[in-house]
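S.K.: Dumping the structure here so I can ask a few things about it.
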There are 2 protein chains.
Amino acid sequence: MPDISLNHLAVVVDNLNDALGFWCGALGLERAGTTQSITGEGVDVAFLNLGDSRLELIQPTADDSGVARYLARRGPGLHHFCLEVPDLDNMLQALRDSGVELINEVARERDGRRYAFVHPASASGVLLELYERM
Amino acid sequence: MPDISLNHLAVVVDNLNDALGFWCGALGLERAGTTQSITGEGVDVAFLNLGDSRLELIQPTADDSGVARYLARRGPGLHHFCLEVPDLDNMLQALRDSGVELINEVARERDGRRYAFVHPASASGVLLELYERM
């Protein structure tokens, strides 16, 4: 396993069933588990296997969610990607020391997964998520 | 090797040196070769290793290139990604049969690499490149 690897690549869609029709039905990617409703964030998500990483399809389910606003402003398409690093605290410290703007100055945790986001202003316009490898 | 894998993920940047300062300098990704100038397309590109796949940084070098227009319209950020398939002609036939809109109805070839693009209208807003595995 390299030091830094791609965990997933995320696409915002307006209709998850239509999107699955393309990515799985026509193209042939395989589902990784069932669709999850993350009510706290107002989204439904489906993961598809993509070699060692995954493609995440995100459909907003609440008009006031961040993803719904993104979809309204930019349309469907690539939203963010997520890199796995061995030690997230070390990485965040190194990024702060380099003057990189972070959305989360310190790691957050959900379902046992430690993560943080780098601000697009510092990452070539990319919303970059960082995971600590589990 | 799975049937479909991620070859690369591409980000449009306005300044390749600044972008390399973040992705390599601060984050620690490693270069995969040197910067290439693709004069026919009006871009400079740098590839970075990302596990089994690669991150491609693209800077337009001509104001009238498609990538320059994209940068002017959308700003820097995620541009496209590229999946590798075992048999590109079979895949394109299957996609046409499914009513998927292709930018290249038949495979194109450059430097011995066979490729085609799927139109974002059929791929959840994503500009999707397909490579035939070499």
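S.K.: Count the net charge of all other residues whose Cβ sits under 13 Å from the Cβ of A:N17, scoring Lys and Arg as +1 and Asp and Glu as -1.
M.R.: -2
S.K.: Summing +1 for each Lys or Arg and -1 for each Asp or Glu, what net charge is found among the other residues whose Cβ lies under 13 Å from the Cβ of B:A62?
M.R.: After counting each charged neighbour, the total is -3.
S.K.: Same structure again: Say each of B:A62 and A:R69 gets a label point 7 Å from the Cα, pointing the same way as Cα to Cβ; how far apart are those two points in nm?
M.R.: In this crude label model, B:A62 to A:R69 measures out at 4.0 nm.
S.K.: Only helical DSSP H runs with n ≥ 4 go in: add -39500 (n - 2.57) per run for chain A, normalise by residue count and round the 222 nm mean residue ellipticity to 500 deg cm²/dmol.
M.R.: -5000 deg cm²/dmol
S.K.: Over chain A, what percent of the accessible surface lies on carbon and sulfur atoms, probe 1.4 Å?
M.R.: That share works out to 43 percent.
S.K.: Give me the distance in nm between label points sitting 7 Å out from Cα along the Cα-to-Cβ direction at A:D14 and A:I38, one decimal.
M.R.: Calculated label separation equals 2.3 nm.
S.K.: Separation of the range B:103-134 and the range A:92-134 by C-alpha centroid, Å?
M.R.: With the range B:103-134 and the range A:92-134 each reduced to a Cα centre, they are spaced 32 Å.
S.K.: Now for a separate question. Leaving out ligands and nucleic acids, and using a 1.4 Å probe, what accessible area per residue does the range A:61-113 come to in Å²?
M.R.: 57
S.K.: While we're on this one: For the range B:1-107, run through the chymotrypsin sites (Phe, Trp or Tyr not before Pro) and keep only the ones in DSSP coil with at most 13 other Cβ atoms within 10 Å of their Cβ.
M.R.: In loop regions of the range B:1-107 (DSSP not H, G, I, E or B), there are no sparsely surrounded chymotrypsin sites (Phe, Trp or Tyr not before Pro).
S.K.: Once you place label points 7 Å from the Cα toward the Cβ at B:E30 and A:Q93, how far apart are they in nm?
M.R.: Distance between label points: 2.4 nm.
S.K.: Now, a different point. What residues in the range B:104-131 lose 50 Å² or more of accessible surface when the other protein chains are added to their chain alone (1.4 Å probe)?
M.R.: Residues of the range B:104-131 that lose at least 50 Å² of accessible area once the other chains are added: B:S124.
S.K.: Helix B:88-97 sits at what angle to the longest principal axis of chain B, using alpha carbons and giving 0 to 90 degrees rounded to 10?
M.R.: The two axes meet at around 60 degrees.
S.K.: Roughly how big is the B-A contact, given as buried accessible area in Å² (both sides, 1.4 Å probe, nearest 100)?
M.R.: 2900
S.K.: Which loop-located GluC sites (Glu not before Pro) does the range A:85-123 contain, where loop means any DSSP state but H, G, I, E or B and the Cβ has at most 12 other Cβ atoms within 10 Å?
M.R.: Passing both the DSSP loop test and the Cβ count: A:E105.
The values are calculated or read from the model by the stated rules, or taken from the named source; none is laboratory data. What you see is a predicted model, and the numbers here were worked out from it, not measured in a lab. In this analysis, Cβ positions are derived from the backbone assuming ideal geometry, glycine residues included, and neighbour counts consider all displayed protein chains. Each accessible area value is taken on the protein alone, full model and side chains, heavy atoms only, with ligands, DNA and RNA left out. Shrake-Rupley method; radii C 1.70, N 1.55, O 1.52, S 1.80 Å.
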